[in-house]
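Visitor: One structure coming up, written as structure tokens, with questions to follow.
The values are calculated or read from the model by the stated rules, or taken from the named source; none is laboratory data. Keep in mind that this is a model prediction, so the values were computed, not measured. With ideal geometry, Cβ positions are generated from the backbone for all residues, glycine too; neighbour counts draw on all protein chains shown. SASA here: full protein model, heavy atoms, side chains in, ligands and nucleic acids out. Shrake-Rupley method; radii C 1.70, N 1.55, O 1.52, S 1.80 Å.
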Amino acid sequence: MESLGIFIRSIFIDNMIFAYFLGMCSYLAVSKNVKTSFGLGVAVVFVLAITVPINYLLDKYVLSAGALAWLSPKFADVNLDFLTFILFIAIIAAIVQILEMVVEKFTPALYSSLGIFLPLIAVNCAIMGGCLFMQERDFSSVGQSLSYGLGSGLGWLLAIVGIAAIREKIRYSHVPKSLQGTGIAFIVTGLMGIAFMSFLGITFK
Amino acid sequence: MSKNLELLTAPLRKANPVTVLILGICSALAVTAKLKPALVMALSVTVVIALSNLVISLLRKGIPSKIRIIVQLIVIATLVILVDQFLKAFVYDVSKQLSVFVGLIITNCIVMGRLEAFAMANGPWESLLDGIGNGLGYGIILVIVAFFRELFGSGTLLGFQIIPEGLYNFGYMNNGLMILPPMALIIVGVIMWLQKPEEDKK
């Protein structure tokens, strides 16, 4: 039940884009039409749902204070916390690479639609951000971290498809000349963020 | 000389990494609710960009192009760990406020972008200057956004009361919306709006 709460929360309330601005770069660069932005969104959901639980295990059994105790009691006071950034980013890069190969081998159709986005994702802040927030929030099981990863990914997908749809329509309206392009995209995102704030009251216990 | 100066000043306006090239937005917005974390963040990013530019530029002849992304990530991650440990040691409260966003400097596209676009092709001295310039260009936007958000959102600057107490007695109120995330986006949008006509003139 708690996993469901985390899932819903991470989609609507702690939305990656509107609450934390994570993954803004690709969010603004790739949101010119709905189809490509959907492709990128799905790739992000995929990668987040895989990397967050894996990094959770890594954090739980290798990195955090005293985590190595399962190897031998001698390691009980070892704290590898300072290696977090470098290991997380290495895991993310590796998983993205493996995922790209697997997808290319087994589902060429999916590869041709997702393929170009996968390399981009290794340096997408949404993935790294998701992993770091996971670490900060101290989830108590792999299931919870999985639902967090999945939910954040879906929230990101929702946001990018939403802005892409708006940007497709905005082409036909009279935006002041110097505000056209990215300027208006920023302001629209801000307004969408305000709209999303109305979910703040929802609690799942 | 003037070419080197150009490297330092171009990113401040003409080629500003945030408002013109649209890079590194993620962290630019999240840390700007108050001026102090914004300043610290700007400084940290400048240090990371400048040093990683320098290191990669020194190594550029030895890096095989196939694995260059991994090499760059490792260099950046190492520098970010240093910055993070430094912040934790000396300004612990700010480092708590910045939370995950220090770690996110690794995936800040400005850093990667400058390494790819500049440091891989230029000498160490130019790369260092370019890094500092871009860090400052990023910092200036952070400071502008944070200035408005803190002034109107909390009535303070760097924690000092700026809006006089008397004004509150007349019914002036802090704009709570300024503290919330969406306003950061709108302020950046407005900065772009103001900056664009100037560019077009040149």
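Visitor: Can we say B:Leu12 is open to solvent by 60 Å² or more (accessible area, probe 1.4 Å) and touching a helix residue (DSSP H, G or I) at 6+ places or on another chain (Cβ under 8 Å)?
Guide: no
Visitor: Assess whether A:Ala109 counts as being more than 14 Å from chain B (Cβ to nearest Cβ) and over 15 Å from A:Met24 (Cα atoms).
Guide: For A:Ala109, the condition - more than 14 Å from chain B (Cβ to nearest Cβ) and over 15 Å from A:Met24 (Cα atoms) - is met.
Visitor: Also, quick follow-up: Somewhere in region B:83-94, is a residue of a type outside the set (D, E, K, R), under 17 Å from the mean Cα position of the chain (by Cα), away from every other protein chain (no Cβ under 14 Å) and crowded, with 24+ Cβ neighbours inside 10 Å?
Guide: no
Visitor: Just for helices (runs of 4 or more DSSP H) wholly inside region B:116-202: which have at least 3 residues that are surrounded by 20 or more Cβ atoms within 10 Å (Cβ to Cβ) and either under 16 Å from the mean Cα position of the chain (by Cα) or at the interface with chain A (Cβ under 10 Å from one of its Cβ atoms) (or both)?
Guide: Answer list for region B:116-202: B:124-154, B:181-201.
Visitor: Quick check on region A:14-35: of everything there that is among the small types (Gly, Ala, Ser) and surrounded by 18 or more Cβ atoms within 10 Å (Cβ to Cβ), which residue is farthest from the other protein chains (Cβ to nearest Cβ)?
Guide: Taking the candidates together, the pick is A:Ser31.
Visitor: Can you pull out every residue in region A:78-94 that is open to solvent by 20 Å² or more (accessible area, probe 1.4 Å) and within 14 Å of another protein chain (Cβ to nearest Cβ)?
Guide: A:Asn79, A:Leu80, A:Asp81, A:Phe82, A:Leu83, A:Phe85, A:Ile86, A:Leu87, A:Ala90, A:Ile91, A:Ala94 - these are the residues of region A:78-94 that are open to solvent by 20 Å² or more (accessible area, probe 1.4 Å) and within 14 Å of another protein chain (Cβ to nearest Cβ).
Visitor: So A:Ile54 fits all but one of (1) under 11 Å from the mean Cα position of the chain (by Cα); (2) at pLDDT 85 or above; what number is the exception?
Guide: Failed condition: (1).
Visitor: Which pairs have Cβ atoms under 7 Å, sit 6 or more apart or on different chains, and link a residue in region B:53-79 that is away from chain A (no Cβ under 14 Å) to one that is open to solvent by less than 40 Å² (accessible area, probe 1.4 Å) and part of a loop (DSSP other than H, G, I, E, B)?
Guide: What qualifies is B:Ser57/B:Gly123.
Visitor: Taking the stated definitions as given, is B:Lys36 of a type in the set (Lys, Arg), assigned to a helix (DSSP H, G or I), farther than 18 Å from B:Thr107 by Cβ and open to solvent by 50 Å² or more (accessible area, probe 1.4 Å)?
Guide: It is true that B:Lys36 is of a type in the set (Lys, Arg), assigned to a helix (DSSP H, G or I), farther than 18 Å from B:Thr107 by Cβ and open to solvent by 50 Å² or more (accessible area, probe 1.4 Å).
Visitor: Here is a further query. Please enumerate the residues belonging to region B:39-67 that are touching a Gly at 6+ places or on another chain (Cβ under 7 Å) and either outside any helix (DSSP H, G or I) or among the β-branched types (Val, Ile, Thr) (or both).
Guide: Passing the criteria: B:Val45, B:Thr46, B:Ile49.
Visitor: Then there is this: So is A:Ala49 open to solvent by less than 30 Å² (accessible area, probe 1.4 Å), outside any loop (DSSP other than H, G, I, E, B), touching a Leu at 6+ places or on another chain (Cβ under 8 Å) and modelled with pLDDT of 80 or more or not?
Guide: Yes.
Visitor: Kindly indicate whether B:Ala77 is part of a helix (DSSP H, G or I), among the aliphatic types (A, V, I, L, M) and surrounded by fewer than 16 Cβ atoms within 10 Å (Cβ to Cβ).
Guide: Answer is no for this residue.
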